[in-house]
Amino acid sequence: MRLVILGGSGSGKSTQAQRLCSHLEIPQISTGEILRDAISHVSELGRHAHPYVAKGELVPDEMIIELIRLRLKQDDVSEGWILEGYPRTAFQAEELDFLLEELGQKLDWAVYLQVPEAVMVNRSLGRSLPDDQPEIVQRRVEIFYDRTVPILEYYDRRRRLLTINGDQPPELVSQSVLNLLSVT
């Protein structure tokens, strides 16, 4: 099973990706963690990405696409994966499809965790990540509505979009996803 988890900051993407990965026994690929790791290990890519992350801006597509390419070539993803935090633009969604075709893989579903804006902000501010400051969180929410929503249209046109009510307890969200995937 190959899935992308979509949703705004604080929508529960990480929580649901972890739960689904555990249930489906496949690895989670988190661009947030890949970026934090690249920055903390002071890789060349990390040095270039840091200013964007520090301001709550999206890291340029070519940097993220290269990170995803490297990750999808690793052995542990041969049976499937869940991608969390990517794609964040319609261009990235299309680039992901091209990359998967090149790698001989196919995306099964894009799972969208639909959560009201106020819930996204409150959840994000309740976390203890260093980049979850009020002005950065608000900027991420604005970016989500500006750039990410067209991804939903992209996957919907390809009949690969599953929309889930993310404003409910995590176990109910997970069960809703598994029911729609028909893998309980």
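Read-outs throughout are calculated quantities, based only on the coordinates presented, and are distinct from any laboratory measurement. In this text, all values refer to a predicted model and were calculated from it rather than measured experimentally. Please note: Cβ atoms are built from the backbone with ideal geometry, for glycine as well, and neighbour counts cover all protein chains shown.
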By average C-beta atoms within 10 angstrom, highest first, the peptides 4-16, 64-76, 101-113
4-16, 101-113, 64-76
Starting from one equal scatterer on each C-alpha and no solvent at all, send me the Debye-based log10 I(q)/I(0) for the chain at q = 0.20 Å⁻¹, two decimals.
-1.64
Filtered hits (lysines, Cα-Cα < 21 Å from Lys106, offset >= 8 within chain) -> Lys13, Lys73
Largest-first principal axis extents of the Cα set of region 117-170 (Å):
36, 26, 17
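Give me the net charge for the shell around Ile65: Cβ to Cβ below 14 angstrom, other residues only, Lys and Arg +1, Asp and Glu -1. Please list the in-between numbers first.
Numbers: positive: Arg69, Arg71, Lys73, Arg88; negative: Asp61, Glu62, Glu66, Glu94, Glu95, Asp97, Glu101, Glu102.
Around Ile65, the charge tally is -4.
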For the residues Tyr52, Tyr145, Tyr155, what sequence is obtained by ranking on other C-beta atoms within 10 Å, fewest first?
Tyr145, Tyr52, Tyr155
Gap separating the Cα centres of region 1-26 and region 150-184, nearest whole Å:
10
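Of the listed peptides 53-60, 39-46, what is their order by residue-averaged count of other C-beta atoms within 10 Å, with the highest listed first? Provide the component values of the computation, followed by the final result.
Numbers: 53-60: 15.5, 39-46: 12.8.
Sorting 53-60, 39-46 by mean packing, highest first, produces 53-60, 39-46.
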Residue-by-residue Karplus 3J(HN,Hα) for region 26-32, coefficients 6.51, -1.76, 1.60, Hz, glycine and proline x
10, x, 9, 10, 10, 5, x
